[in-house]
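Have a look at the structure below, then the notes.
The values are calculated or read from the model by the stated rules, or taken from the named source; none is laboratory data. What you see is a predicted model, and the numbers here were worked out from it, not measured in a lab. Backbone-built Cβ (ideal geometry, glycine too); neighbour counts: all protein chains shown. These accessible areas exclude ligands, DNA and RNA; they are computed on the full protein's heavy atoms, side chains included. Shrake-Rupley method; radii C 1.70, N 1.55, O 1.52, S 1.80 Å.
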Amino acid sequence: MTTDRISLSFADGVADVRLNRPDKLNALDPAMFAAIAEIGAQLADNRKLRAVVLSGEGQAFCAGLDMERLVATTEGESILPFADLGRRTHGIANFAQHLVWLWRELPAPVIAAVHGIAFGGGFQLMLGADIRYLAPGTRLAIIEAKWGLVPDMAGTQLMRHLAREDVVRELTYTARVFSADEALGHGFATRIVEQPREAALETARAIADRSPDAIRAAKRLLNLAADRDAATGLAAETAEQARLLGSPNHIEAVRANLERRPPQWSFT
């Protein structure tokens, strides 16, 4: 599937999602917001989804909010004319926050492949992924303060689990551009690789080789660990493991390893 904002291909359980507005450095306008939400809904309903790679066409991952929308906000218009951002329309999130949070809530792991620039909303979008591969030379910025705004697409809630508080504050308050090497040092990047999309697809395929039940359970547990107390997390570990033990895909994983053959997973 390809729209004028996003392309999606699906093979062997791996979804390859590409922001597709290269002439505008994949900047976020209302059509891009709507397309991301639509793709997210499609993926959430796909029981055969094993992993997702999120990247951008052209010279950049995502330049953040489209300049036309930024100007419109100074004239009394909403960032998203079709959405009431004061309402929690998607669980704990409003519509704009949902575009980042949905990647965290997808049952399958998400790998962001980032190159060029990731500013503002684009930076927050990559934070929604489980894993983030950056190309050398990528420039990033929590740029909202430059425009008299704050990060409002779940960034404040995701950054706090990745980098030290003083680092998050310094980058947020100054809105300065920082490098891929800095991002790696701060914890915003998983790895720096020459070809991040190819590396992300390779990782996605490796994940797709594992039991889908175990991977989905692991993502639930890791999400929970970031948000809840240890006692809740330990109880959840036990509950997830009890569901996996003796299940068809657990048995298949053991047998496939012992028999030295590719596993044949079941999807329920």
Exercise. How high is the relative contact order of the chain, given as a whole-number percent (alpha carbon pairs under 8 Å, six or more residues apart)?
Worked result: 16 percent
Seminar exercise, completed: 1/(1 + (r/R0)^6) with r = Cβ-Cβ of A242 and D84, R0 = 41 Å, i.e. FRET efficiency to nearest 0.05, evaluates to 0.45
Problem set entry | 10 Å binning of all Cα-Cα separations within segment 98-183, expressed as whole percents from 0 upward | 18, 54, 26, 1
Exercise. Want the number for T3 to H250: 0.36 nm per residue separation, take away the alpha-carbon distance, what's left?
Worked result: 85.1 nm
Seminar exercise, completed: Expressed in angstrom and rounded, the centroid-to-centroid distance over alpha carbons for segment 155-216 and segment 1-52 is 19 Å
Seminar exercise, completed: Two pseudo-spin positions, 7 Å from Cα along C-beta at D181 and at A226, lie apart in nanometres by 2.7 nm
For this session: Name the lysines eligible as straight-distance cross-link partners of K146: C-alpha to C-alpha under 21 Å, and not fewer than 8 places from it in the same chain.
Result: K24
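Given Cβ point charges of +1 (Lys, Arg) and -1 (Asp, Glu) and nothing else, what value in debye, to the nearest 20, does the dipole of the chain about its Cα centre take?
On the way: 30 positive and 33 negative charges, 132 e Å.
My answer is approximately 640 debye.
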For this session: With +1 on each Lys and Arg Cβ and -1 on each Asp and Glu Cβ, and nothing else charged, work out how big the dipole of segment 1-120 is about its Cα centre, in Debye to the nearest 20.
Result: 440 debye
Problem set entry | For the chain, built as a Gaussian network whose Cα springs stay under 10 Å, the top-fluctuating residue of I143, I36, I251 | I251
Exercise. For E75 and R169, FRET efficiency with R0 = 22 Å and r from the beta-carbon atoms, rounded to 0.05?
Worked result: 0.10
For this session: May I ask you to list the lysines whose Cα is less than 26 Å away from that of K48, ignoring any residue fewer than eight positions away on the same chain?
Result: K219
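Carbon and sulfur atoms: what percent of the 1.4 Å accessible area of the chain do they account for?
Values: 7100 of 13190 Å².
Reported share for carbon and sulfur atoms: 54 percent.
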Seminar exercise, completed: Only helices counted: for the chain, with every DSSP H run of 4 or more residues adding -39500 (n - 2.57) and the sum spread over all residues, [θ] at 222 nm is -13000 deg cm²/dmol
Seminar exercise, completed: For I117, the residues 5 or more places away or on another chain with a placed amide H closer than 5 Å to its own amide H are F61, C62, R139
Problem set entry | Candidates P196, P248, P109: whichever shows maximal mean-square fluctuation once the chain is modelled as a Gaussian network with Cα springs under 10 Å | P248
